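Notes follow the structure.
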Amino acid sequence: MITRVLTILFLVLGAVAAQAQNQPLRITIDQGVVEPVPIAAPSFQARDAGAQQLAGQITQVVLADLTNTGLFREIPASAFIQQGVGADTQPTFADWQVINAQALIAGSVSSAGGGRVTVEMRLWDIFAGREIGQGVSLTVSNAAWRRAAHQVADEVYTRLTGEQPYFDSQVVFVSESGPKNQRVKRIAIMDQDGANVRNITNGSDLVLAPRISPDGRQVLYTSYATGAPQVYIHDLATDQRRLLGGTQGMTFAPRFSPDGRRVILSQTEGANSDIFTLDLATGSRNRLTRSPAIDTAPSYSPDGRQIVFESDQGGSQQLYVMSADGGAPRRISRGEGLYGTPVWSPRGDKIAFTKQLGGRFHVGVMNVDGSGEQLLTASFLDEGPTWSPNGRVLMFFRETPGPLGAASLVSVDVTGRNLRYVPTPGGASDPNWSRQRSN
């Protein structure tokens, strides 16, 4: 909507100038200031008494999802002129125009019987005086009301921004408790907004770096249960885990391939650490690197054709890209400092990384050829970035210094705007964002 207004203004001014100079019109817009779009979301109407409480809760989650992006601003209910707006209500557009609402989210909630609830939503363009897209109707179990709210927010987000959605997604992470010198770590999973946290491991073993499968059904992680780092695979449906077979020596830094058929990881043999892939169906192992260096933290490109990883083969910790089948790697990081934990964007156009420079840690992004490096954060310790499913947002963990220091999950827009902490029950580190949910 903001873009539309700016475009009209540029077109008018540009057309006048072009006509005066008898020149063809050419418009170039290469910068801009993002002002949150004002949106109105009256509390979803409850069609029956059984839906009364859920209606308000669903509205709150929808608004939180949207405003947490930094792209939208909620107009307070105290400013509303028209009252009692639901999914079957025709808005009085003038009443919403006068309070400068760009979009109106109108919803209703009703009991569907059998412990189920139906959520309906319509989205209105106030100044155009028309509905945006078609109405949404979701029927879910009462227990899944929160997920329905995320799905409604996804619809609004996509229709207003043109971006792919990401609210109905999950994050696996390491949940931390206890003092810093005796920290208990568990693998946990939660909704992307910090709700519905569930522990996967019991805290008896030191665990690191969980990575969720593309279909959201399995989690890889590194455990020190045997005294040495080994990779385990955990099935979320059965809650069973098994040691990843077909490997030798110490294994760590695992990730799934984009199709979920292989695992790529680091394996130490002697004093050397190289990158291997493991076929989950056949157990066959393929060695990708053979340098006398530490090669680790591999991440696939979305099409599965390339990998990015960190290595000190050039004398310091840097980022390299190579074919997913092996071959000669090419260095892509060229700035000062040390680079690590690279991860390829789902869009395929960027690589996120951690950078250590001048005694501080940064999370940054660069183009896949190493150009266009941009540091998004800076602190005592920022580490382990992961991409949202649509490639718009990064989540990472930030640790504070000192004996009482603790780790927290933080998200930031890919532009470096809208840095915010993600609520978790205690300390949290090593996040990994799912591409889709399994439940």
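Since every read-out is calculated from the coordinates, none of them should be taken as a lab result. Computed from a prediction, not measured in an experiment: that's the story for all the values here. A quick note on method: Cβ atoms are made from the backbone with ideal geometry, for glycine too, and the neighbour counts reach across all protein chains shown.
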**OP:** Calculate the dipole size of the chain relative to its Cα centre from +1 charges on Lys and Arg beta carbons and -1 charges on Asp and Glu beta carbons; express the result in debye to the nearest 20.
**Re:** 500
Subject >> Environment charge at residue 326 (Cβ cut-off 9 Å; Lys +1, Arg +1, Asp -1, Glu -1) >> reply: +1
Subject >> Considering only the chain, percent of DSSP beta bridges that pair antiparallel, nearest 5 >> reply: 95
Subject >> Cα centroid of the stretch 58-97 to Cα centroid of the stretch 326-341, whole Å >> reply: 47
Original post:
Short version: ³J(HN,Hα) in whole Hz for each residue of the stretch 343-354, in order, from phi by Karplus 6.51 cos²θ - 1.76 cosθ + 1.60 (θ = phi - 60°), x for Gly and Pro, what are they?
Top reply: 8, 7, 5, x, 7, x, 9, 9, 10, 8, 7, 10
Subject >> Where trypsin sites (Lys or Arg not before Pro) fall in DSSP loop in the stretch 297-387, at most 16 other Cβ within 10 Å >> reply: 305, 334, 347
Original post:
Stretch residue 328-residue 74 to full length: gain in nm at 0.36 nm per residue minus the Cα-Cα span?
Top reply: 86.3 nm
**OP:** Would you work out which of 101, 36, 207 lies farthest towards the positive end of the dipole of the chain, given +1 charges on the beta-carbon of Lys and Arg and -1 on that of Asp and Glu, about the Cα centre?
**Re:** 207
Subject >> Whole-Hz ³J(HN,Hα) from phi, Karplus 6.51 cos²θ - 1.76 cosθ + 1.60, for the stretch 223-234, glycine and proline x >> reply: 10, 9, 4, 8, x, 10, x, 9, 9, 10, 10, 10
Original post:
Amide H to amide H under 5 Å from residue 163: which residues, 5+ apart in sequence or cross-chain, H placed 1.01 Å off N in plane?
Top reply: none
**OP:** Apply the membrane-span-like helix rule to the chain: whole DSSP H runs, Cα extent along the own long axis of at least 27 Å, mean Kyte-Doolittle hydropathy at least 0.0. List the helices found.
**Re:** 2-21
**OP:** Go ahead and collect, in residue order, the members of the stretch 99-122 whose backbone nitrogen is under 17 Å from a label point 7 Å along the Cα-Cβ direction of residue 48.
**Re:** 108-120
Subject >> Within-15-Å neighbourhood charge of residue 237 [Cβ basis; K, R +1; D, E -1] >> reply: +2
**OP:** Quick one: which residues, 5 or more positions from residue 373 or on another chain, have an amide H under 5 Å from its amide H? H modelled 1.01 Å from N in the peptide plane, none for Pro or chain starts.
**Re:** 367
Original post:
Volume per residue, Å³, of the convex hull around the alpha-carbon atoms of the stretch 289-439?
Top reply: 130
**OP:** Calculate, in nm to one decimal, what residue 94 and residue 183 gain on full extension: separation in residues at 0.36 nm each, minus their alpha carbon distance.
**Re:** 26.3 nm
Original post:
Which one is right for this structure if Rg and Dmax of the Cα atoms in Å is calculated from it: (1) 26.9, 89; (2) 24.4, 79; (3) 27.1, 98?
Top reply: (2)
Original post:
Quick one: Cα centre-to-centre distance for the stretch 354-399 and the stretch 259-300, in angstrom?
Top reply: 24
Subject >> Local net charge near residue 354, Cβ-Cβ under 13 Å (Lys/Arg +1, Asp/Glu -1) >> reply: -3
**OP:** Work the Kirkwood hydrodynamic radius out for the stretch 203-324: mean of 1/r over every pair of different alpha-carbon atoms, inverted, in Å.
**Re:** 14.7
Subject >> HN-Hα J in Hz across the stretch 290-307 - Karplus 6.51, -1.76, 1.60, θ = phi - 60°, x for Gly and Pro >> reply: 9, 7, x, 8, 8, 9, 7, 6, x, 8, 6, 6, x, 8, x, 8, 9, 10
